[in-house]
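**Student:** Starting off with a structure, shown below.
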Amino acid sequence: MTELVWQRTPLLTIGFFIAKEVRNLVRNITNFIPVLAAIFVSNSEWLPYAVIGGYLVFIMVSAILNHRFFLYALADDAVHLRTGVFGKKSLTLKYERIQQAELDQSWYFRPFDLVILRVDSAGSAGKEVEIPGLPIGLAQDLRQRMLAQTNTNQAYSELAIADSEKTEPPADTEMTFSMSEIVRAGIMDNKIFVLLAVLIYPLSQTDVLEETLVPWLEANVSFIEESLWLNIGLAVAALSLLFILAIGVTLVRYYNLHFSILNERYQARSGLFTIRTVSFRYQKLQRVQLRQNLRGRLLKRFSVRVSQLQPSAHAQQQSGSSSFVLPVLTQNLVEELGNWLKLPRSANLDWQGISFIALLNPSFWIALIAPALALTAYANDIPLITGLISAALIWFAIQAYAIARWHNYGFTINNGWLAIKRGVFGRKENWYPLHKAQQIDVYQSPWLRLLGYADVLVHTAAGPEVIKYQPVSSALAMQREWSTMIGSNHQRWM
Amino acid sequence: MAIAWKPVEPSYKTYLQIIVLIDMSILALIAIGIYVFVPSTDWLPNPLWFGIPWAALTLFFGLFWASRRFQFTAYARSHEAMYLRRGALWRLTRAVPLNRIQHVEVRQGFIERMLGLAHLTLYTAGSGGADLSIPGLKLNDAEQMKATLVNTIAEEPIEESSHD
């Protein structure tokens, strides 16, 4: 083995460490509630500034220290890391144990052709390692090497190394999404309500609105009060502005989305400022989620999310940034993707519904709504007829929704895939390779036992899925059949 | 072919009853603490309002629930999978295919040790916590099952196929 050459990341990467500290702050913001309370109670002039200033200094100092003490070395078969200011940590990651290696081109590194290498290893701890500020060429080489090593056997991997010394081979399938498609994605996956909540919360906490804005409006634009339509128009304009802003968020995230398949490795690159790459290998696929919300149905577009094994709860929390998502797909593309992923998805799938008995329990609770509403209306001096009619209408709407939900639910087993579809306004299909399921439960509450039914829960590495209201005997038969099938299937599952 | 369920040790019932007693006495201690140490207890109802339901619950859990749970708890092992059923009112039958087991663990709590019991826990990648935990086994049996399971897992063949 050759001597390790310990390297420090470039000075520029201090920005990365600062960003990391800030992220930590945001994540642990609840820890600061006592401090905030103290500031609030003490009512002193200088305390808030002192706390903010102190924290800024702390961030700077710890970022500089973390940068000073972050050392990495690249050997032929492993990455070595030495980190930590007070508590030292030494980490060795063998290439062959690496599950995932992605390159993030952060906006603050892009002008300098530097990237962040993000590496996930297997294991229950789900260790994630980030090496910031690698030159892009070196990082690409390294990534190739890591991924090649994880591929099957030694002889092949050496071949692949030799291969990767050159450039990345051309992909089998490539596709770039146009701007208009991304805008459609923005309309479908609109975070307008999230944005609204983010904006409204701080406003509601301060008195800016009541003390400044409202008097100002009353004083200066009194004509607003005169016209109801003007008010409505203003509200609509504000909401559409937010809607467009929310589309902008999607645009920043998915700008120039580029999708490719190479050697069973699926990859998506996108981003306006920060270019992110996410990828998965077909072998590791645990779940395919096909989604279409109401806007998606109007635009005739789908979105697809592919999940892999998520080793820890920690990783599941941050799955938002690392899972493989194609936000906008036409019907044709969905079918093509289904072919590539070998989903047995076709028009004549034998979707099985569940027994109408499943409606009994929700209907009972929904039926309680109408009398409860009518009583409340009566107690509040609302005319009896109005109260009764609106209660009946609301009951009817909810009951109809429950029936539609039950009607649209279905599951099917086809070619070793378990699929579940659901949704009333939007549509959702989850596909699981059944031979990768981890455990199968049959669950019976006293109510289900009374009826002679049971729920079947399939726990997969990407999360649990439930098939409700199966007759007990067939539920137990399913459990037995599937677990025998999985137990005698010796294909790799991760 | 039906699953050959094996019952757990009878002392598992005693174990459940002890657990019930401990939990219920903690509740009782809290209630007694409130009645003794809170200065004015006028606003509290007569202690019997708590005492009688408490006694009823203790009897229910100690006699009915513990024996039902003991009766239903059983495990089975087929060639491909490990099965466990448990619960008294809410019942769960769980199957874990042997080739999905990540690791195996034998554990013994304080009360279990007094009764000479242990439980065997199998972990999979399916959910965060413990996945299949067989309670009420003799320590020896548990150790032996663990050894056989570990052997089976180690001998598991893996097909290197690219077409899965």
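The values are calculated or read from the model by the stated rules, or taken from the named source; none is laboratory data. Worth saying up front: this structure is predicted, and the values here are computed from it rather than measured. Positions of Cβ are backbone-derived with ideal geometry, glycine not excepted, and every protein chain shown enters the neighbour counts. Areas reflect the complete protein model, heavy atoms only, side chains present, ligands, DNA and RNA absent. Shrake-Rupley method; radii C 1.70, N 1.55, O 1.52, S 1.80 Å.
**Student:** Treating only the Cβ of Lys, Arg, Asp and Glu as charged (+1, +1, -1, -1), what charge dipole size does the protein assembly as shown show about its Cα centre? Round to the nearest 20 debye. Each step should come with its number before you reach the end.
**Tutor:** Working: 57 positive and 51 negative charges, 250 e Å.
That gives the protein assembly as shown a dipole magnitude of about 1200 debye.
**Student:** Which of the listed residues, A:114, B:59, B:45, is farthest toward the dipole's positive end in the protein assembly as shown, when Lys, Arg count +1 and Asp, Glu count -1 at the beta-carbon?
**Tutor:** About the Cα centre, the residue reaching furthest to the positive side is B:59.
**Student:** A follow-up question, please. Does segment A:356-407 come out rounded, prolate or oblate, given a ≥ b ≥ c as the square roots of the eigenvalues of its C-alpha gyration tensor, rounded meaning a/c under 1.5 and, failing that, prolate meaning a/b above b/c?
**Tutor:** Prolate, since a/c reaches 1.5 and a/b exceeds b/c.
**Student:** Indicate the gyration tensor shape class of the protein assembly as shown (rounded, prolate or oblate), computed on the Cα atoms with a ≥ b ≥ c the square roots of the eigenvalues: a/c under 1.5 is rounded; otherwise a/b larger than b/c is prolate and the rest oblate. Mind dumping the intermediate values first?
**Tutor:** Details: a/c = 1.35, a/b = 1.07, b/c = 1.26.
Since a/c stays below 1.5, the shape of the protein assembly as shown is classed as rounded.
**Student:** What are the lysines whose alpha-carbon lies under 20 Å from the alpha-carbon of residue A:89, with same-chain residues fewer than 8 places away excluded?
**Tutor:** Cα-Cα hits under 20 Å: A:20, A:127.
**Student:** Separate question: Could you state the number of Å between the C-alpha centres of segment A:274-313 and segment A:229-255?
**Tutor:** 26
**Student:** With +1 on each Lys and Arg Cβ and -1 on each Asp and Glu Cβ, how big is the dipole of chain B about its Cα centre, in debye rounded to the nearest 20?
**Tutor:** Values: 14 positive and 14 negative charges, 139 e Å.
It works out to roughly 660 debye.
**Student:** Could you name the lysines in cross-link range of residue B:138, using Cα to Cα under 17 Å and dropping any fewer than eight places away on the same chain?
**Tutor:** B:6, B:13, B:146
**Student:** Then there is this: Mind checking the angle between helix B:11-37 and chain B's longest principal axis? C-alpha axes, 0 to 90 degrees, to the nearest 10.
**Tutor:** Taking Cα atoms only, the helix is inclined about 30 degrees.
**Student:** Relative contact order for chain A: what percent, with Cα pairs under 8 Å and sequence separation of 6 or more?
**Tutor:** Working: 697 pairs, mean separation 48.2, N = 494.
Contact order relative to length: 10 percent.
**Student:** Now for a separate question. Output ³J(HN,Hα) for segment A:233-246: one whole-Hz value per residue in order, computed from phi by the Karplus curve 6.51 cos²θ - 1.76 cosθ + 1.60 with θ = phi - 60°, and x for Gly and Pro.
**Tutor:** After applying 6.51 cos²θ - 1.76 cosθ + 1.60, I find x, 4, 4, 4, 4, 4, 5, 5, 4, 4, 4, 5, 4, 5 Hz.
**Student:** Between the alpha-carbon centers of segment A:43-112 and segment A:2-17, tell me the distance in whole angstrom.
**Tutor:** Centre-to-centre distance over Cα atoms comes out at 10 Å.
**Student:** For the pair residue A:86/residue B:148, report the inter-label distance in nm, with labels modelled 7 Å from Cα in the Cβ direction.
**Tutor:** Result: 5.2 nm between the two label points.
**Student:** Can you work out ³J(HN,Hα) from phi for every residue in segment A:465-476, in order, using Karplus 6.51 cos²θ - 1.76 cosθ + 1.60 and θ = phi - 60°, giving whole Hz and x for Gly and Pro?
**Tutor:** Calculated HN-Hα couplings, in order: 9, 10, 10, 8, 6, 9, x, 3, 5, 6, 4, 5 Hz.
**Student:** Using 0.36 nm times the number of residues separating residue A:64 and residue A:46, minus their current alpha carbon distance, what extension gain do you get?
**Tutor:** Details: separation 18, 0.36 × 18 = 6.48 nm, distance 2.69 nm.
That pair, residue A:64 and residue A:46, stretches by 3.8 nm at full extension.
**Student:** For segment A:1-106, give the magnitude of the charge dipole about the Cα centre (Cβ charges: +1 Lys/Arg, -1 Asp/Glu; no others), in debye to the nearest 20. Could you put the intermediate results ahead of the total?
**Tutor:** Working: 10 positive and 8 negative charges, 48 e Å.
Roughly 240 debye for segment A:1-106.
**Student:** So what's the gap between the Cα centers of segment A:387-443 and segment B:67-110, to the nearest angstrom?
**Tutor:** Rounded to whole Å, the Cα centres lie 29 Å apart.
**Student:** Let me ask another. Toward the positive end of the charge dipole of the protein assembly as shown, about the Cα centre and with charges on Cβ (Lys, Arg +1; Asp, Glu -1), which of A:460, B:71, A:433 goes farthest?
**Tutor:** After comparing all options, I get B:71.
**Student:** Can I ask one more? Which value in deg cm²/dmol, rounded to the nearest 500, describes the helix-derived mean residue ellipticity at 222 nm for the protein assembly as shown, given -39,500 (n - 2.57) per DSSP H run of n ≥ 4 and division by the residue count? The partial results should precede the final answer.
**Tutor:** Values: 23 runs with 295 residues, N = 658.
That calculation yields -14000 deg cm²/dmol at 222 nm.
**Student:** Picking from A:22, A:351, A:271, whose Cα lies most toward the positive end of the charge dipole for chain A (charges on Cβ: Lys, Arg +1; Asp, Glu -1)?
**Tutor:** Sorting the options by dipole projection puts first A:351.
**Student:** What does the buried accessible surface come to for B and A, summed over both chains, with the probe at 1.4 Å? Round to 100 Å². Show your work: numbers first, answer last.
**Tutor:** Numbers: alone 10960 and 28630 Å², together 36570 Å².
Roughly 3000 Å² of accessible surface disappears when B and A pair.
**Student:** On a 0 to 90 degree scale, rounded to 10, what angle separates helix B:48-59 from the longest Cα axis of chain B?
**Tutor:** The angle comes out at about 30 degrees.
**Student:** Let me ask something additional. Give the long-range amide H neighbours of residue A:414: residues separated by 5 or more places, or on another chain, with amide H under 5 Å away, using H modelled in the peptide plane at 1.01 Å from N.
**Tutor:** Sorted by chain and number, the residues that satisfy this are A:419.
**Student:** So which chymotrypsin sites (Phe, Trp or Tyr not before Pro) in segment A:445-494 end up in coil per DSSP with only 12 or fewer other C-beta atoms within 10 Å? If you can, show how the numbers build up before the last one.
**Tutor:** Details: sites: A:447, A:453, A:469, A:482, A:493; in loops: A:493.
Sparse-neighbourhood loop chymotrypsin sites (Phe, Trp or Tyr not before Pro): none present.
**Student:** So, one more: Taking amide H positions as placed in the peptide plane 1.01 Å from N, state which residues far from residue A:349 in sequence (5 or more) or on other chains have amide H under 5 Å from it.
**Tutor:** Placed amide hydrogens put nothing under 5 Å from residue A:349.
**Student:** Okay, next question. Report, ordered by chain and residue number, the lysines lying within cross-link reach of residue A:421, taken as a straight Cα distance under 20 Å and ignoring same-chain residues fewer than 8 apart.
**Tutor:** Those lysines meeting the cut-off are A:300, A:342, A:436, A:468.
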